[in-house]
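Worksheet: one structure, shown below.
Bear in mind these aren't lab numbers, they're just calculated from the coordinates by the rules spelled out. Given the structure is predicted, the values throughout are model-derived calculations rather than measurements. Here the Cβ is made from the backbone with ideal geometry for all residues, glycine too, and neighbour counts use every protein chain on show.
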Number of protein chains: 2
Amino acid sequence: MDVADLGLPVDVPSTALFTDQYELTMLQAALKAGTAERRSVFEVFTRRLPDGRRYGVVAGTGRVLDAIENFRFDADVLAFLRERAVVDEATLAWLASYRFSGDVWGYPEGEVYFPGSPIMRVEGTFAECVLLETVILSVLNHDSAIAAAASRMSSAAGGRPLIEMGARRTHELAAVASARAAYVGGFSSTSDLAAGFRYNIPTVGTSAHAFTLLHDHERDAFQAQVASLGRGTTLLVDTYDVAEAVRMAVQVAGPELGAVRIDSGDLLLVAHRVRRQLDELGARDTKIIVTSDLDEYAIASLAAAPVDAYGVGTQLVTGSGHPTCSMVYKLVARAGSTDPKAPLLPVAKKSSGGKTSVGGRKWAARRLDENGVAEAEVVGTGAVPTELLDRRLLVELVKGGEVVAREPLDVVRERHTAAVAGLPLSATQLSRGEPVLPTEYVHGRSGS
Amino acid sequence: MDVADLGLPVDVPSTALFTDQYELTMLQAALKAGTAERRSVFEVFTRRLPDGRRYGVVAGTGRVLDAIENFRFDADVLAFLRERAVVDEATLAWLASYRFSGDVWGYPEGEVYFPGSPIMRVEGTFAECVLLETVILSVLNHDSAIAAAASRMSSAAGGRPLIEMGARRTHELAAVASARAAYVGGFSSTSDLAAGFRYNIPTVGTSAHAFTLLHDHERDAFQAQVASLGRGTTLLVDTYDVAEAVRMAVQVAGPELGAVRIDSGDLLLVAHRVRRQLDELGARDTKIIVTSDLDEYAIASLAAAPVDAYGVGTQLVTGSGHPTCSMVYKLVARAGSTDPKAPLLPVAKKSSGGKTSVGGRKWAARRLDENGVAEAEVVGTGAVPTELLDRRLLVELVKGGEVVAREPLDVVRERHTAAVAGLPLSATQLSRGEPVLPTEYVHGRSGS
């Protein structure tokens, strides 16, 4: 692949400018000081979950791999950096030949995580790793936030399908990534054509109120829609009077009408009324789709309602109250010299303010109880205890600069379902609470 | 311009897939029904401001113009739509030659808005206008949310500069748009290099904790940074002990040290201590920059602290609690036939659920009191009252498909400052309250 693959029908020359300036100035200073080539380990983790959430969802890993692969400084980018005097000529020369040549390990995409989980580990020289901070965090913080909301909504929906409809409520390209993350988190389809194009996610959609209002009578609109899209289409029945519209919809399409959509009002009440009416009209197979500012709580409250599918917009793409995660990218170990064989020394910020970190290169494993249910997230440095060897969470993603772990989105989606199923039942409670697994730290003898 | 210009160093073949599928299916049904060419007016507005906010900020208009200009269906996109059977061959043929040929009017970018303000008006055939719903809303809902947060933070900061540092907390391309919106809302600079590249926004950045941790001693790191970036650089002083770091920073760089950055702890307390220490060390011109989960309230609480600049990340790019606006794109008027001269008839959804709209093509004007301070947002149909003619808010943005209102970002930024200055003083109160202007509706005799 010779262009960046960022989740859109777009050729991107490079991802190298999705970078905070300080990464380049640190590089310049380290190059001059002779420390830039010290072997270093950076880790992505979060100190806490969003308030009240029981677990986090790793999403965006596949997009991170694309971003790393396409992170290079072409002539336009170098000319910009030169013109702005962001860095000096020696640094520009170094950047011109930049390709990440290190290793990346991480939680596989779709896996769940907890405070302190080393979600991703990037290892190489300081110079090549420090540049990736912003783009890795942008992708993971965004996509994981959306996937976490999607996962909760999926639990709330039981087996009923969820449709992602939030493109209009977020940045047009964040929307594409959101549809992808929602699919990882259990959604079935999206309204966003760009997400269908790029990620092959099923797309759906039929009509809006504007279509009804375009026509002289609601009946004309229904007839036009059925004539063009067939009896299996979904008719939107709340432009004027819902009962009248449902009656007319079945008149126009017959009992083969695919579905009706309700986008306003008291959905619980209206869904019951519409179901009764549809049944009375003989349209027993006509489904009911609801869409109106739904979140996981509203979805759960409709569990007893005769609803066949939920369309979710705003609350999905804004992470249902938590539009970002608080993942950070921290140097946790580095060599004391530029000798590639020099041992790694654990490092960590020590100042006050709740931002301290645990130094050292980490492993993580999920310990199960006697029933095979997860009981702890174990994070450690040094040797992995034998009994946890086959429960290790990090997998190799990039080896010597080459991506080695691409996978289809359906595999990721299934992994997520399995990961949640392996947690204690309280994981899927919607109410606010503590992380469903405690994080235990184990400090091995061998340091990092 | 022959590629989409979405705020990134990227060639985008088209913005046409930033579209919800129902826009295409409505097009297909309307083409078949013979109603697609009815002259139509769509308006963008919001029914409410985010809870407690006093005003909204229009941002993203320039990006909308780019998106409209590049909204076309190329061979790849058409092949995708055909393969997925999203629409039929007749519709694909229509899409292949699509170029928006209508008119767009809107509030100029940077202007403030209130519930019901007709922020943008799109006029043309139903077919050409209905397709633009999602991309217009994506851009405006995102960018306006960020600009509104930025505007509040700017008020809270008084004249002190604000640095946008949130790229890592949002989607990598939303980050670029966020930096742009923050600049509109009064921020001075950004850490995001892509935003500097694309929008010529000043970029800043020096070093992170990783740079200190890379080196064997904090002093080594400071020396390396000063040697490479000069004495005017900003040293990060909270990796270990702040007082010790400040002492060392001045030792290394001398009193010409540009600034120190504090990224953790009780910023009010620490800033006072650091200022005193810097002054005692003779570094009276060394500035103090604070960065640590700041929002407008934290900024305001530091008004009395000796702080010279604020770096804001998460809370900026997530809209400080309101990551999206609730703008909608509604058909408000359309002709009763495809005759281009047929009169426009106002239309509006009538069903319950709080989602009703006001039909008819609207104008808007901001009425001033005797002191020249804004006192009402007046929205009307029909003729504009004479006394409001020179207070009209909508300007022509696209005429017959051609963009006619591109403008530099600095003009937008200045407009925003002036718009806020024209509001009652309570507009800049941070506390929750009602919109600072009431919206008054005036229904003219001539309907739409």
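Would you work out the Kirkwood radius for region B:147-321? I mean one over the mean of 1/r across all pairs of different Cα atoms, in Å. Could you put the intermediate results ahead of the total?
On the way: mean 1/r = 0.0613 Å⁻¹.
16.3 Å is the Kirkwood radius here.
Lys and Arg at +1, Asp and Glu at -1: add these up for the other residues within a Cβ distance under 12 Å of A:L17 and post the number. Before the final figure, lay out each step's value.
Values: positive: A:R72, A:R84, B:R198; negative: A:D20, A:E23, A:D74, A:D76, B:E172, B:D192.
Charge balance in the 12 Å sphere: -3.
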Seminar exercise, completed: Percent antiparallel among DSSP beta bridges confined to the protein assembly as shown, nearest 5, equals 65
Exercise. Helix-derived [θ] at 222 nm for chain A: sum -39500 (n - 2.57) over DSSP H runs of at least 4, divide by residue count, nearest 500?
Worked result: -10500 deg cm²/dmol
Exercise. For peptide B:327-336, how many partner chain Cβ atoms fall within 10 Å of a residue's Cβ, on average?
Worked result: 3
Problem set entry | Calculated label separations, B:E280, copies of the chain, 7 Å along the beta-carbon direction, nm | 8.4
For this session: Could you work out which residue, out of B:S151, B:S431, B:S40, moves most in a Gaussian network model of chain B, that is, has the largest mean-square fluctuation with Cα springs under 10 Å?
Result: B:S431
For this session: Could you tell me whether region A:83-218 comes out rounded, prolate or oblate from its Cα gyration tensor? Rule is a ≥ b ≥ c as square roots of the eigenvalues, rounded for a/c under 1.5, then prolate if a/b exceeds b/c, otherwise oblate.
Result: oblate
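Over region B:147-321, calculate the relative contact order: mean separation of alpha carbon pairs under 8 Å at least 6 apart, over the residue count, as a percent. Intermediate values should be presented prior to the final figure.
Working: 315 pairs, mean separation 47.9, N = 175.
With pairs under 8 Å counted, the relative contact order is 27 percent.
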Exercise. Which whole-Hz ³J(HN,Hα) couplings does region B:269-276 yield from phi under the Karplus relation 6.51 cos²θ - 1.76 cosθ + 1.60, θ = phi - 60°, glycine and proline marked x?
Worked result: 5, 5, 4, 4, 4, 5, 4, 4
For this session: In nm to one decimal, list the spacings between the A:A300 label point and its equivalents in the other copies, with label points set 7 Å along Cα to Cβ, shortest first.
Result: 3.3
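How much net charge surrounds A:R273 when only the other residues with a Cβ under 13 Å from the Cβ of A:R273 are counted, with Lys and Arg +1 and Asp and Glu -1? Intermediate values should be presented prior to the final figure.
On the way: positive: A:R247, A:R275, A:R276; negative: A:D238, A:D241, A:E244, A:D266, A:D279, A:E280.
With Lys, Arg at +1 and Asp, Glu at -1, the neighbours total -3.
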Seminar exercise, completed: Of all DSSP beta bridges having both residues in chain B, the percent classed as antiparallel (nearest 5) is 65
For this session: Excluding residues fewer than 8 places away in the same chain, name every one of the lysines whose C-alpha is closer than 20 Å to that of B:K341.
Result: B:K362, B:K399
For this session: Could you compute the FRET efficiency for A:S301 and A:L345, with r as their C-beta to C-beta distance and R0 at 35 Å, rounded to 0.05?
Result: 0.05
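Give, in nm to one decimal, the length gained when the segment between A:E396 and A:R219 is fully stretched (0.36 nm per residue of separation minus the Cα-Cα distance). Working shown, then result.
Working: separation 177, 0.36 × 177 = 63.72 nm, distance 5.82 nm.
Value of the extension gain: 57.9 nm.
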Seminar exercise, completed: Residues whose modelled amide H sits under 5 Å from the amide H of A:V332, counting only those 5 or more places away in sequence or on another chain, are A:V41, A:F42, A:E43
Problem set entry | region A:206-292: C-alpha gyration tensor shape, a/c 1.5 cut-off, then a/b vs b/c | oblate
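Could you grab the relative contact order for chain A? Cα pairs under 8 Å, six or more apart, rounded to a whole percent.
Numbers: 955 pairs, mean separation 100.3, N = 448.
Relative contact order of chain A: 22 percent.
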Problem set entry | Hz values of 3J(HN,Hα) by residue in region A:20-35 - Karplus curve (6.51, -1.76, 1.60), Gly and Pro given as x | 7, 3, 5, 5, 6, 6, 4, 4, 4, 5, 6, 4, 5, 7, x, 9
Seminar exercise, completed: Distances in nm between the label point of A:D266 (7 Å along Cα→Cβ) and its equivalents in the other copies, shortest first, are 5.1
Exercise. How far is helix A:242-253 tilted, in degrees, relative to the longest principal axis of the Cα atoms in chain A, given as a value from 0 to 90 rounded to the nearest 10?
Worked result: 80
Problem set entry | Exposure proxy order (Cβ contacts within 10 Å, fewest to most) of B:D263, A:D369 | A:D369, B:D263
For this session: Can you tell me the relative contact order of region A:206-292? Whole percent, Cα pairs under 8 Å, sequence separation 6 or more.
Result: 28
Exercise. Given 10 Å bins starting at zero, what is the percent of C-alpha pairs of the protein assembly as shown in each, up to the one with the largest pair distance?
Worked result: 2, 12, 22, 25, 20, 12, 6, 2, 0
For this session: Would you mind checking which residues have amide H under 5 Å from B:V57's amide H? H placed 1.01 Å from N; only 5 or more apart, or other chain.
Result: B:Y113, B:A148
